[in-house]
1. Could you tell me which numbered condition B:Asp49 fails, if it satisfies all but one of (1) over 12 Å from the mean Cα position of the chain (by Cα); (2) within 7 Å of chain A (Cβ to nearest Cβ)?
2. Provide a single number: the residues in the stretch A:51-105 that are among the hydrophobic types (A, V, I, L, M, F, W, C), more than 18 Å from the chain's Cα centre (by Cα) and over 24 Å from A:Asp212 (Cβ atoms).
3. Hey, among A:Glu330, A:Glu346, A:Glu316, A:Glu272, which residue is under 21 Å from the mean Cα position of the chain (by Cα) and charged (D, E, K, R)?
4. What do you reckon, is A:Ser295 farther than 16 Å from A:Pro149 by Cβ and loosely packed, with under 15 Cβ neighbours inside 10 Å?
5. Determine whether A:Gly144 is outside any loop (DSSP other than H, G, I, E, B), touching a residue at least 40 places away in the same chain (Cβ under 8 Å) and surrounded by 19 or more Cβ atoms within 10 Å (Cβ to Cβ).
6. Give the residue that is most open to solvent (accessible area, probe 1.4 Å), with candidates limited to residues of the stretch A:218-239 that are part of a strand (DSSP E or B) and farther than 21 Å from A:Thr171 by Cβ.
7. Have a look at A:Val310, A:Val347, A:Val356, A:Val304 and point out the one that is closer than 17 Å to A:Gly75 by Cα, open to solvent by less than 50 Å² (accessible area, probe 1.4 Å) and of a type in the set (Val, Ile, Thr).
Amino acid sequence: MELPRRRRRTAVALRCALGVLLTTVWCDVGMAASAGEEDILAVPASSQDQRGLELAGGRLWVSAFVNVAFESLKGHPEEVNLDDLGVLARWDPYARLSLFTALELEDFLGWADGDGVFFAEKGPAIERLYADVSVSSSTTLRLGKILTPFGIWNPIRRAPLTWTVDRPLVTEVSFPLHLTGLMLDYKATPGDWSIDTNLYGQPGGELDRFSDEKAAKRSLGGRVAFGHALPSGFATAGVQAAWFEDVQSDDEEYAAGVDLDLSVAGQLVTSEVILSDGEVDDYETRWGAYLQLVSPIWRGLFGVVRGEIVDLRRSEDYRNLVLGLAWRSENDRWVLKLNYQFSGHEVDGRSDGVGVAVSSLF
Amino acid sequence: MRTAPLGLALILAGAPETMLAGEVEPPSVAVVVNHDSTLRSLDAEVLRDLYLRRRVLIADGSRVVPVNLPADDPLRLRFSQLVLGRRPAELSGYWDRLYYEGVRPPIVLPSAEAIRRYLHADLRAIGYLAEEEVDSSLRVIAVFPPHGSSPAATSSR
């Protein structure tokens with residue numbers, strides 16, 4: 001299919017930029033290897049806490065993640081899907097500058113009952129590509145394509161980091177999931193508290209947009225999160241708001257939310273409440289919320305319960321209950337998830353049924 | 001003799017339990033850097049942020065490289081509770097999230113000797129040792145005594 005001229009230029013410019021970046025990184029790795037610098041990492045390091053591969057004296061880090069999911073949902077054919085396959089890379093050429101990218105193949109390979117085997121329709125997409133510039137020890141300027149820092153779920157959206165096969169609906173339909181622009185991040189640590197604040201803006205369209213995601217032509221938003229240690233755990237509470245111009249509808253929309261992330265004596269509680277005027281399956285949303293509890297059962301086995309409700313203006317509320325088990329391997333590399341979800345009625349392809357997923361962040 | 005001013009008011013946790021008769025007293029934890037490092041002292045909050053990788057630079061703009069002992073090392077457990085307010089196992093979810101942005105936890109070295117060697121080789125590095133394991137090539141910038149959750153001011157070595 002012929003791409004419009006402007007998109008072709010953008011794609012070429014993007015590939016050139018990536019090419020220059022990779023060449024520079026390669027040179028940096030080569031120089032570090034040939035300079036004969038003292039290998040202070042020659043001290044045998046435990047790999048227990050470490051993931052990925054470090055190169056160039058630790059300045060370059062590369063990792064990968066994968067997710068294979070099986071879903072049998074009411075009204076849909078059974079499907080097995082290698083639905084996330086990605087590479088992460090971070091390069092720290094200078095003390096104040098870091099470059100990061102996440103490239104991803106979505107729906108790479110799968111099988112659906114009745115349709116047989118299917119392959120990805122497009123090549124790797126740029127999920128994130130940004131530069132971090134440390135303005136001071138507590139302030140960072142992030143420039144590029146990032147995951148919108150709205151709530152808890154969106155910034156950790158990938159399967160190895162989550163406890164259920166599907167994400168809550170309200171975290172997917174209320175705000176643009178990515179932004180391409182600028183974010184100013186400020187961290188403060190007054191006493192026992194940690195405070196993370198960010199402000200962000202997207203002046204134009206999204207870089208290498210995922211076509212099935214909610215996206216913005218322009219956006220502006222911010223978030224403040226407060227963290228505090230508890231006698232046997234840690235709590236973080238956040239509040240945020242975003243204004244944006246939706247790509248599909250051209251309408252100006254807003255989203256505002258609060259969230260809580262609580263870890264006490266091994267019990268994990270996560271909740272988000274989001275007010276918005278977005279759309280999903282032609283229903284306008286007004287507000288939505290979920291509450292998720294994760295409790296250790298035995299060794300790496302956890303029980304998971306999540307309830308969600310989304311108020312849809314032109315339909316009855318969407319209600320969803322997920323009951324599940326999650327097993328994390330001893331080295332924390334592999335996660336196996338088994339879910340059953342009950343949905344009042346189907347919205348955005350979510351209906352009653354079973355989901356199983358195996359995922360890893362290497 | 002230079003004194004390291006340490007207004008380190010520590011995060012909670014880690015208040016040691018009452019010692020039982022015959023129980024060996026845990027060592028003081030000394031936070032150390034290379035003797036030639038420009039680092040003279042650190043606030044508790046900055047030390048916590050460095051070990052949680054919430055920040056990588058200190059006030060003068062230089063990068064600091066924190067190093068850790070293995071997750072099951074008793075000194076690591078004590079340091080983690082005293083400084084970070086959580087045990088290493090309680091931080092696994094936190095690190096998973098940061099890994100997803102390419103931010104790695106502090107380097108893990110297998111022993112006190114490895115920490116010493118690393119600090120000798122890298123002026124940017126900061127680590128911790130049992131106080132009696134500190135030699136004259138290192139500078140102590142904080143000491144957490146065996147009983148009590150606050151560090152004592154100490155002379156640099």
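1. It fails just one condition, (1).
2. 8
3. A:Glu272
4. yes
5. Yes.
6. Ranking the qualifying residues of the stretch A:218-239, first place goes to A:Arg218.
7. A:Val347
Here's the yes/no breakdown for (1) in contact with a Lys or Arg (Cβ under 7 Å, 6 or more places away or on another chain); (2) assigned to a loop (DSSP other than H, G, I, E, B); (3) under 17 Å from A:Trp163 (Cα atoms):
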| site | (1), (2), (3) |
| --- | --- |
| A:Val304 | no, no, yes |
| A:Ile309 | yes, no, no |
| A:Gly324 | yes, no, yes |
| A:Ser359 | no, no, yes |
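The values are calculated or read from the model by the stated rules, or taken from the named source; none is laboratory data. Please read all numbers here as calculations on a predicted model, not as lab measurements. For neighbour counting, all protein chains shown are included, and Cβ atoms are generated from backbone atoms with ideal geometry for every residue, glycine included. Accessible surface is based on the protein model in full, side chains and every heavy atom, while ligands, DNA and RNA are left aside. Shrake-Rupley method; radii C 1.70, N 1.55, O 1.52, S 1.80 Å.
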